[in-house]
Amino acid sequence: MGNITFSTEGKTTFYLSFALGTLILISFLLTKSEVLLTIGFYYVLAAAVINVIVFFYEFVAFISNIADNKPHGNSAVLLLLNIPISIVYFLAVINCSF
């Protein structure tokens, strides 16, 4: 069994989305700033749209030629990991702010 490979687009989108979301969450938890709450809300909307677009790109690339595009399938699964991460972050904000 070899190394798991990811496409550059999917991996970059996952890491940037995760890193920026985590930065906003930690900043909010430390400061309890309403401005960061608003920024985080709009960030989640923008990140969701971008992640969905990249996910469908990766999925279509994977389906079009399954034998040669395994990195695209792996990246599609990697992007799906953002969903439970965002749910945990949402619960952390809800529990912290109210």
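Given the rule -39500 (n - 2.57) for each run of at least 4 DSSP H residues, summed and divided by the residues of the chain, what is its mean residue ellipticity at 222 nm, to the nearest 500 deg cm²/dmol?
One gets -29000 deg cm²/dmol as the mean residue ellipticity at 222 nm.
How big is the Rg/Rh ratio for the chain, C-alpha atoms only, Rh by Kirkwood, two decimals?
1.08
Hey, what D do you get for segment 15-58 in µm²/s if you plug the Kirkwood alpha-carbon radius into Stokes-Einstein at 25 °C and 0.890 mPa s?
In µm²/s, the coefficient is 223.
For the ranges 80-88, 49-57, what's the packing order if you count other beta-carbon atoms within 10 Å of each residue, average per peptide, and put the highest first?
49-57, 80-88
Every read-out reported here was derived from the displayed coordinates using simple, explicitly stated rules and does not represent laboratory data. Please read all numbers here as calculations on a predicted model, not as lab measurements. Cβ: placed from backbone, ideal geometry, glycine included. Neighbour counts: every protein chain shown.
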